[in-house]
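Read the structure below first, then the notes.
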Amino acid sequence: MTTQPALEALPIDDIELVTDVLVIGGGPAGTWAAIKAREAGAAVVLVDKGYCGTSGATAAAGTGVWFVPPLAEAREQAMASREGMNGWLSDRRWMRRVLDETYSRVPELDVVSYPFPVDDAGEPERGGLQGPDYMKRQRRRVIGAGASILDHSPVLELLVDSDGAVAGARGLRRQTGQTYRIVAGSVVVAAGGCAFLSRALGTNVDTGDSYLLGAEVGAELSGMEFSNAYSLAPAMTSVTKSAYYFFSTFYREDGSVLEGAGSQRGRSVIARTLLNEPVFCQLDQIEPELWGVLRDMQPNFFQPFDRVGVDPFTQRFPVTLILEGTVRGTGGLRIVDDECSTTVPGLFAAGDAATRELICGAFTGGGSHNSAWAISSGTWAGQGAARHALTIGDSGRTRSISGAGTAALRPTGNAGPADAFRDVVTTVQGEVLPYDKNYFRTGPGLTSSLAVLDSAWSEARSSLLGDGKDAFKAREAAAMVATARWMYRSALARTESRGMHKRDDFPTLDPAQRHRTISGGLDAVWTGTESLESVDSGMALAAGGGAR
């Protein structure tokens, strides 16, 4: 293996590092990428905006895992059950790859004594993970593999060589104000999706950084229209764990039952009702003998109720919907091969940073599919990045490189106030958080929002510039504007309703639009389509009979 840089020997001033593989993001995908790149023989540095092991949506709560035994009937059911709801946009070859990879990787957690529950036969049940336990052990695995971690160190921009290949990154250490520069043979971007600072549980680090970093070096995105995922939460909290709501009844303000709210399409019913009146919920379909068990399984779900003295099993409480955007959506950077390479040499994508359409199509994978994707794509991206870096060898460490950052780093005009990012965030949230703009989309509504967002981008490009330790906040604001523009341009291009993408002016699925929507660009955002070239024959037959 290549020798790791000695972080303790670095100067106290700005940090300069050279490595084989740089991993951006310390969640599940990033940690799997770092471990597998290191196992493949590469020197690895992982940087995290927060503290690797505690930051991000997974670390904040439990998650299911798409963990299915390699039995033909079970695998068939696991794939087929998702295809109708995901608009027939998933790919069975990728589904099989993820099922295989996840099934082989999750048992590796036994090495760090992950406390899997056991069934009556004494066999471990691996279909779920408690986030705090999982991510604490992932951090331990990263360090044990010999990789280095820079915590509280958001990336500000990617570095590229004279041929446009990605060659590292430049960032900021939040606690000291130091800047750092890491030259790398390849980069895995795994910094999550974008929830637009909506306060959804664990997502405040997810501001679309991955997408902006990628687009600035020429990477393409895919499926950004599938980005309007909203999660249920009690109105007095931001805890967006929603599994228990399947065993609930929803009510209008007058006490009448809100019909359809508990169905598969319940989010839509609740969102439309919330436009005009409050909605209430009660976990009244759960037997009392299970109340204690459920509390033990998801203690953070019940903390807000305990604080305000509400018993959710016997009392009604108001609910709301909080945007989780692409964190629970399916769009992200487009990947072009089995190693999760992007369209830019030297840049790989994993987890929520990458499109999950390959296994989730147009409908959210929730926790389980996204968790399996993070494990699998992190593994493949880490291995691919290691192979790429070790192939180019020392030349990857000695290239002439330059920064690729744009908005909030290199204004084209005079810099504005250092706290101008706050107004940018407010502007973009005003266009993406409301249900009537993002959940229920129309052509005129999208066009109106894009006018606001395009203006916000132009202004950010001209004058937005962060200062000192707040430099990364300006970049977050720019990334959110950019993400919203790719989302809404893609949503405008898809003139149908498919999966989570709902167009009130095109309320039905159009079989002619069974393709992927590709997007990219910064000052001028573009969209195009990608045909589904490789479709499992069984899936094609099902689509012919089911895409009504």
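The values are calculated or read from the model by the stated rules, or taken from the named source; none is laboratory data. Predicted, not measured: the structure shown is a model, and the values here were computed from it. Cβ sites come from the backbone with ideal geometry, for glycine too, and all protein chains shown count toward neighbours. For the accessible areas, the whole protein counts, side chains as well, though only heavy atoms, and no ligand, DNA or RNA atoms are used. Shrake-Rupley method; radii C 1.70, N 1.55, O 1.52, S 1.80 Å.
Condition check ((1) of a type outside the set (A, V, I, L, M, F, W, C); (2) in contact with a Lys or Arg (Cβ under 7 Å, 6 or more places away or on another chain); (3) buried (at least 24 other Cβ atoms within 10 Å of the Cβ); (4) within 29 Å of Q298 (Cα to Cα)) across all residues:
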residue	(1), (2), (3), (4)
G27	yes, no, yes, yes
A33	no, no, yes, yes
A43	no, no, yes, no
D48	yes, no, yes, yes
G56	yes, no, yes, yes
T63	yes, no, no, yes
A74	no, no, no, yes
R97	yes, no, no, no
R105	yes, no, no, yes
I'm trying to understand the selection: among the residues of the range 130-144, which are surrounded by fewer than 22 Cβ atoms within 10 Å (Cβ to Cβ) and small (G, A, S)?
G144
Is it the case that V187 is β-branched (V, I, T), within 20 Å of I15 (Cα to Cα), outside any helix (DSSP H, G or I) and under 21 Å from the mean Cα position of the chain (by Cα)?
yes
Output the residue which, of all residues in the range 65-84 that are under 20 Å from the mean Cα position of the chain (by Cα) and not in a helix (DSSP H, G or I), is farthest from F363 (Cα to Cα).
F67
Mind listing whichever residues of the range 145-161 are buried (at least 22 other Cβ atoms within 10 Å of the Cβ), touching a helix residue (DSSP H, G or I) at 6+ places or on another chain (Cβ under 6 Å) and assigned to a loop (DSSP other than H, G, I, E, B)?
A147, P154
Looking for something open to solvent by less than 20 Å² (accessible area, probe 1.4 Å), closer than 25 Å to F472 by Cα and modelled with pLDDT of 95 or more - is there at least one such residue anywhere in the range 410-421?
yes
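To keep it simple, each residue is scored yes or no on (1) at pLDDT 95 or above; (2) acidic (D, E).
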residue	(1), (2)
R328	no, no
D337	yes, yes
C340	yes, no
I359	yes, no
S371	yes, no
G382	yes, no
From the option list A191, A167, single residue qualifying as buried (at least 24 other Cβ atoms within 10 Å of the Cβ), touching a helix residue (DSSP H, G or I) at 6+ places or on another chain (Cβ under 8 Å) and more than 30 Å from A229 (Cα to Cα) is A167
Failed item, numbered, when T176 is tested on (1) within 24 Å of the chain's Cα centre (by Cα); (2) hydroxyl-bearing (S, T, Y); (3) open to solvent by 30 Å² or more (accessible area, probe 1.4 Å):
(1)
Consider D337 carefully, then state whether it is among the acidic types (D, E) and not in a helix (DSSP H, G or I).
yes
Output for Cβ contacts, cut-off 6 Å, separation at least six or different chains, first residue assigned to a helix (DSSP H, G or I) and modelled with pLDDT under 95 in the range 424-452, second of a type in the set (G, A, S) and open to solvent by 60 Å² or more (accessible area, probe 1.4 Å), reads none
